[in-house]
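**Q** Could you have a look at this structure, given as structure tokens, before my questions?
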Amino acid sequence: MTDAPPNPGSLPGSPPESPLGPAADTVLAVLQDPVGAAPCLQVAAAAARALAQPEVRALHVRCDPAATLMASEEVLPEERRQALAAKADTDAAAIHAAFLAWRSPSLPSRWEQVDGVPAEIVAARATAALVVMMSLPRAHAPLTDRAALDAALFSPGRPVLVVPTGWTDGFGRHLAVGWRDTPSTRQALRTARPWLSRAESVTVISVGPDAPAWPDPGLIGAPAARVSFRAIDPNGRGEGESLLSAVAEVGADGLVMGAYRRSQVMEWILGGVTRYCLHAATIPLLMVH
């Protein structure tokens, strides 16, 4: 385990000191919100326990004030730049303190801070991680945080574990699966195998008026005795609302689902199950695009 102090001088997007590929079981915990840092790290530790050789890499991107420019602005006023810089320093210190309070000798971990645009750095670093962890942006979170989450979610085949800021109940004991027979859902099941195979129980949930064609047990990866199936008729409710309601009823501590069936632009325009779940979820979401 390494414990380096915050390093504001790191080059934006530069690789870690000893880059690890996906086979290294790297859990990349992107920590942008001081309130969400501790829950995100707690879930990172729970997720890491399912991996053979885990290492948690805590990454904080100190946002470049220029990235916060509004569309109507051409120049960032100096007073506002100084205010943003001061807040960035305060947030970085609080997030690093949360990391120091969380770290454990039994779990290899390291801290890294870089300056730059969060979405760009997250997109670059996601490819070298087995799973990316991020807090679910709160209602008034900076747009840069939301862009960073979208950058992670649109990394093809890379699982992203999104953690609500108020979550305190771990991850992986009872997993729910939002089932629909699509490539992204099947990919989500394959990439979630380390967690599904270790879960005490798995509930596969299908939302729709018709009887579903359930996935082969081998795709789920958990022993058949631990897997149950539930078909939900939405009865006029949206698919996302019905799914989250069913997940709450079974008492799951995580939801595995495919993410974004359409392009990023169309998802923003039309919305969908992914966008609804990211808005309303109260449990961790393990999503794969």
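Laboratory data are not the source of any read-out in this text; all were calculated from the coordinates shown. Model, not experiment: these values are computed from the prediction. Don't worry about glycine lacking a Cβ; one is built from the backbone with ideal geometry, like all the others, and counts go over all protein chains shown.
**Q** Could you put ASP91, ASP169, ASP210 in order, starting from the residue whose Cβ has the fewest other Cβ atoms within 10 Å?
**A** By the 10 Å Cβ count, ascending, the order reads ASP210, ASP169, ASP91.
**Q** If you don't mind, there's one more thing I want to ask. Pull up all non-local amide H partners of ARG62: gap of 5 or more, or a different chain, and H-to-H distance under 5 Å with H placed in the peptide plane.
**A** VAL114, ASP115, GLY116
**Q** Where does each of THR26, THR282 land when they are ranked from fewest to most other beta-carbon atoms within 10 angstrom? If you can, show how the numbers build up before the last one.
**A** Numbers: THR26 24, THR282 11.
Final ranking by Cβ density, sparse to dense: THR282, THR26.
**Q** When a footprinting reagent is the concern and you count Cβ atoms within 10 Å, what order do PHE171, PHE154, PHE229, PHE99 take, fewest first?
**A** In order of increasing Cβ crowding within 10 Å: PHE229, PHE154, PHE99, PHE171.
**Q** Also, quick follow-up: For segment 146-152, in order, what is each residue's ³J(HN,Hα) by Karplus, 6.51 cos²θ - 1.76 cosθ + 1.60 with θ = phi - 60°, in whole Hz (x at glycine and Pro)?
**A** Using θ = phi - 60°, the values come out as 5, 5, 5, 5, 4, 4, 5 Hz.
**Q** Something else now. Could you give me the ³J(HN,Hα) list for segment 209-221, computed from phi with Karplus coefficients 6.51, -1.76, 1.60 and θ = phi - 60°, whole Hz, x at Gly and Pro?
**A** Using θ = phi - 60°, the values come out as x, 9, 5, x, 8, 6, x, 4, x, x, 6, 6, x Hz.
**Q** Whole-Hz ³J(HN,Hα) for each residue in segment 250-255, computed from phi via Karplus 6.51 cos²θ - 1.76 cosθ + 1.60 with θ = phi - 60°, x for glycine and proline: what do you get?
**A** The phi angles translate into 7, x, 6, 10, x, 10 Hz.
**Q** What residues have an amide H closer than 5 Å to that of GLY157, excluding those fewer than 5 places away on the same chain, when H is modeled at 1.01 Å from N in the peptide plane?
**A** For GLY157, the qualifying residues are HIS289.
**Q** What are the residues whose amide H is under 5 Å from the amide H of VAL56, where those residues sit 5 or more places off or on another chain and H is modelled from the backbone?
**A** Hits under the 5 Å cutoff: VAL27, SER109, ARG110.
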